[in-house]
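Single-structure report; data block below.
The values are calculated or read from the model by the stated rules, or taken from the named source; none is laboratory data. What you see is a predicted model; the values in this text were computed from it and never measured. A quick note on method: Cβ atoms are made from the backbone with ideal geometry, for glycine too, and the neighbour counts reach across all protein chains shown. Just the protein is used for accessible areas: all its heavy atoms, side chains included, with ligands, DNA and RNA removed. Shrake-Rupley method; radii C 1.70, N 1.55, O 1.52, S 1.80 Å.
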Amino acid sequence: MRALMKATLFALSLVAAQSVVLARQSAATAARSEPRSPPVTVFRDTEGRAVRLKGLRGRVVLLNFWATWCPPCRAEIPELVRLQSEHGAALQVVGVTHPPERKARVRRLARELKVNYPLVIGTRQTARAFGVGGTLPATVVIDREGKVREVIVGILQPEEFEEKIRPLFR
């Protein structure tokens, strides 16, 4: 019985690792394509107010797809808070819940983690429209002209920020 459980866990870990690799490959393929207009341009925050991407033109936008129940997502938030604080004039982080979350839970987590950027309510359709699959977190990078440039699957690493995002500030 124990051997069967170990084999099952091993198989599940291989499937999970393969899905992350495939998601990164898919994101890399999307990143090599030409910059494109975002498929969704208006979101609603946790208070029901509109957050419009058009209003953020002139800044690099990071649409960070995340969930309250996702440990890597929660681990990434402090770094996104830091980036927003350091690059506020050139950068706008927008957290997009995925799948839809209870607004009260999102607000509570935002207070707990001292989130300094807007949090909007996303849907599965929103995530699919931006090329975000089932792997969270995922960050859609939108340049200063409002074009989608990149989809980064997994926690945004410092070297990815330096290589893929900082150059867009110019």
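Inspect the range 113-122 for any residue being over 23 Å from Val60 (Cβ atoms), open to solvent by 10 Å² or more (accessible area, probe 1.4 Å), modelled with pLDDT of 90 or more and not small (Gly, Ala, Ser) and give the result as yes or no. There is no residue in the range 113-122 that is over 23 Å from Val60 (Cβ atoms), open to solvent by 10 Å² or more (accessible area, probe 1.4 Å), modelled with pLDDT of 90 or more and not small (Gly, Ala, Ser). When Ala27 is tested against the conditions (1) modelled with pLDDT under 90; (2) outside any loop (DSSP other than H, G, I, E, B); (3) open to solvent by 20 Å² or more (accessible area, probe 1.4 Å), the lone failure is (3).
Screening the range 133-144 for residues that are assigned to a loop (DSSP other than H, G, I, E, B) and more than 10 Å from Asn64 (Cα to Cα) and picking the one that is least open to solvent (accessible area, probe 1.4 Å) gives Asp143.
Would the range 145-163 turn up any residue that is outside any helix (DSSP H, G or I), among the aromatic types (Phe, Trp, Tyr) and touching a helix residue (DSSP H, G or I) at 6+ places or on another chain (Cβ under 9 Å)? No: zero hits. Can Ile152 be described as of a type in the set (A, V, I, L, M, F, W, C), open to solvent by less than 30 Å² (accessible area, probe 1.4 Å) and under 22 Å from Thr41 (Cα atoms)? Judged against the criteria, Ile152 is a match. Put simply, of Thr97, Thr123 the only residue that is more than 29 Å from Arg170 (Cβ to Cβ) and in contact with a Pro (Cβ under 7 Å, 6 or more places away or on another chain) is Thr123. On the stretch given as the range 33-71, residues that are in a helix (DSSP H, G or I) and closer than 11 Å to Pro137 by Cβ total 1.
Of everything in the range 80-104 that is in a helix (DSSP H, G or I) and modelled with pLDDT of 95 or more, the residue that is surrounded by the most Cβ atoms within 10 Å (Cβ to Cβ) is Leu80. Residue check: Pro167 meets all listed conditions (1) out of contact with any helix residue (DSSP H, G or I) (no Cβ under 7 Å at 6 or more places or on another chain); (2) under 16 Å from Pro72 (Cβ atoms); (3) surrounded by fewer than 22 Cβ atoms within 10 Å (Cβ to Cβ) but one, namely (2). Filtering Arg128, Arg107, Arg74 for residues that are open to solvent by 70 Å² or more (accessible area, probe 1.4 Å), under 19 Å from Leu156 (Cα atoms), of a type outside the set (A, V, I, L, M, F, W, C) and in a helix (DSSP H, G or I) leaves a single hit, Arg74. Within the range 85-97, the set of residues being in contact with a Leu (Cβ under 9 Å, 6 or more places away or on another chain) and touching a residue at least 40 places away in the same chain (Cβ under 8 Å) comprises Ala90, Leu91, Val94, Val96. Confirm whether Thr41 is surrounded by fewer than 21 Cβ atoms within 10 Å (Cβ to Cβ), within 17 Å of Gly146 (Cα to Cα) and of a type in the set (Ser, Thr, Tyr). Taking the combined requirement at face value, the residue satisfies it.
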